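Visitor: First the structure, which I've put down as structure tokens, then a few questions once you've had a look.
The values are calculated or read from the model by the stated rules, or taken from the named source; none is laboratory data. Please read these numbers as outputs of a predicted model, since none were measured by experiment. Heads up, the Cβs are rebuilt from the backbone with ideal geometry, glycines too, and the neighbour counts pull from every protein chain shown.
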Amino acid sequence: MRQKRLVSSFTWVAVVGAALILLGCEARTAPIVQPNAPLKKVKVRFDRLRRVVRSNGTVEAVNALSIRVPQIEGQGGDMTLTKLIPGGAEVKTGDMLAEFDRTDLANDKKNVPYALNLAYPDYDPSALTAWAWGFHRVVDYLQTLPSVDKSHIAATGHSRGGKAVLLAGALDERIALTNPNDSGCGGAGCYRYQAEKSEDIAAITKSFPFWFVPRFQEFIGQVDKLPFDQHSVKALVAPRALLSTEALGDLWANPSGTQRTHLAAKQVYDFLGAPDKTAIFFREGKHEHNADDWNVLLDFADKTFFNKAVERKFDNLAFPVAAAP
């Protein structure tokens, strides 16, 4: 186990936006909770991004934000509307699921040009930032739908998608509830506290260097020089709702480190008078986005958005608090 003291949430929350350039899915989703509407699924696809050179020599992105006409399905009693929602998830009438394919924007492979580079040749985004940008563009589209309650947009993602969704939620105040699931290193985890068998900067940048900017590798073995940690990113979501869902058997995703960043970011939520807007939930099991995770998210959305009483508790910690910052 390797650990170093976390920087203060209050010391870095004001400047962490500059450090976010270091960050940039299995599940690419943006559930919307809106009463009095049939259950729907929206499939959002980004058309091929391209650019044209004008006669005056300027370069202009064309169709960079073009979204195809979505398929909308209404099956109020169908519990398996999409593979992203496993059977057993208690999806309710009034919920809408919007999903997008992250590889429309950035391929999840080494040394493969991103579609975004064709539209914006002057920028060189990491994959995580490209995927987070995709969440924002889906929110743009959802804002145009009369049936969507714009104040109740939630976004969730699993694993690398969880890393992307945390960044998306930190940078877009239109996302009312952010839910990274089993997101680990670069997500809801912790760089300074590495539990046994957890992924660290060296491991993640060796396997997926394109998820981050090249400079990130400079902090291998010297995380104490990193000017922030993931509790700082979580604090940027405040006072909007933030829910981390974790699997205790997913040691690679560092669930105990995630508890540490949760408690550190909670100090900011407490300061802003929103202590109930941040939560963490642990379940038994492995690295997956399963029905239990979805049910936890839907319960937290009911509690946060509509003040509904739910039986589930969102403040049960899995590790000794004394070991947390």
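Visitor: Given 233, 237, which one is buried (at least 22 other Cβ atoms within 10 Å of the Cβ), within 21 Å of residue 304 (Cα to Cα) and either modelled with pLDDT under 95 or out of contact with any Ser or Thr (no Cβ under 9 Å at 6 or more places or on another chain) (or both)? Before the answer, list the steps.
Guide: Working: 237 fails: either modelled with pLDDT under 95 or out of contact with any Ser or Thr (no Cβ under 9 Å at 6 or more places or on another chain) (or both).
From the options 233, 237, the qualifying one is 233.
Visitor: I need a count of the residues in region 205-235 that are within 22 Å of the chain's Cα centre (by Cα) and within 21 Å of residue 262 (Cα to Cα).
Guide: Within region 205-235, residues that are within 22 Å of the chain's Cα centre (by Cα) and within 21 Å of residue 262 (Cα to Cα) number 10.
Visitor: Would region 246-264 turn up any residue that is at pLDDT below 95, over 15 Å from the mean Cα position of the chain (by Cα) and closer than 24 Å to residue 151 by Cα?
Guide: Scanning region 246-264 turns up no residue that is at pLDDT below 95, over 15 Å from the mean Cα position of the chain (by Cα) and closer than 24 Å to residue 151 by Cα.
Visitor: Given the condition buried (at least 24 other Cβ atoms within 10 Å of the Cβ) and assigned to a helix (DSSP H, G or I), answer yes or no: does some residue in region 137-158 qualify?
Guide: No - not one qualifying residue is present in region 137-158.
Visitor: Moving on to the next point. Looking at residue 256 and the list (1) outside any helix (DSSP H, G or I); (2) among the small types (Gly, Ala, Ser); (3) closer than 21 Å to residue 184 by Cβ, which single condition is not satisfied?
Guide: (1)
Visitor: Can you find a residue that is among the basic types (Lys, Arg), crowded, with 18+ Cβ neighbours inside 10 Å and out of contact with any Phe, Trp or Tyr (no Cβ under 6 Å at 6 or more places or on another chain) anywhere in region 175-196?
Guide: Taking every residue of region 175-196 in turn, at least one turns out to be among the basic types (Lys, Arg), crowded, with 18+ Cβ neighbours inside 10 Å and out of contact with any Phe, Trp or Tyr (no Cβ under 6 Å at 6 or more places or on another chain).
Condition check ((1) in a helix (DSSP H, G or I); (2) under 28 Å from residue 175 (Cα atoms); (3) touching a Lys or Arg at 6+ places or on another chain (Cβ under 6 Å)) across all residues:
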| position | (1), (2), (3) |
| --- | --- |
| 185 | no, yes, no |
| 189 | no, yes, no |
| 197 | no, no, no |
| 202 | yes, no, no |
| 218 | yes, no, no |
| 232 | yes, yes, no |
| 236 | yes, yes, no |
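Visitor: Could you please find all residues in region 220-230 being surrounded by fewer than 22 Cβ atoms within 10 Å (Cβ to Cβ) and either in a loop (DSSP other than H, G, I, E, B) or in contact with a strand residue (DSSP E or B) (Cβ under 9 Å, 6 or more places away or on another chain) (or both)? Steps first, answer last, please.
Guide: At the first step, the residues of region 220-230 found to be surrounded by fewer than 22 Cβ atoms within 10 Å (Cβ to Cβ) are 220-227.
Selection gives 220, 221, 222, 223, 226, 227.
Visitor: Give the residue, chosen from 161, 169, that is farther than 21 Å from residue 115 by Cα, assigned to a helix (DSSP H, G or I) and not β-branched (Val, Ile, Thr).
Guide: Numbers: 161 fails: farther than 21 Å from residue 115 by Cα.
One residue alone meets the criteria, 169.
Visitor: Could you list all residues from region 307-321 that are over 13 Å from residue 279 (Cα atoms) and either at pLDDT 90 or above or in a loop (DSSP other than H, G, I, E, B) (or both)?
Guide: Here is the first cut: in region 307-321, the residues over 13 Å from residue 279 (Cα atoms) are 307-311, 319-321.
Listed by number, the residues that qualify are 307, 308, 309, 310, 311, 319, 320.
Visitor: Only residues that are more than 13 Å from residue 263 (Cβ to Cβ), among the aromatic types (Phe, Trp, Tyr) and surrounded by 15 or more Cβ atoms within 10 Å (Cβ to Cβ): list them for region 298-320, please.
Guide: 300, 305, 314
Visitor: If you scan region 108-134, which residues turn out to be assigned to a loop (DSSP other than H, G, I, E, B), surrounded by fewer than 19 Cβ atoms within 10 Å (Cβ to Cβ) and modelled with pLDDT under 80? Outline the logic, then answer.
Guide: Narrowing region 108-134 to residues assigned to a loop (DSSP other than H, G, I, E, B): 108-114, 120-126.
Of the ones still in play, those that are also surrounded by fewer than 19 Cβ atoms within 10 Å (Cβ to Cβ) are 108-113, 120-124.
Across region 108-134, the qualifying residues are 110, 111, 112, 113, 120, 121, 122, 123, 124.
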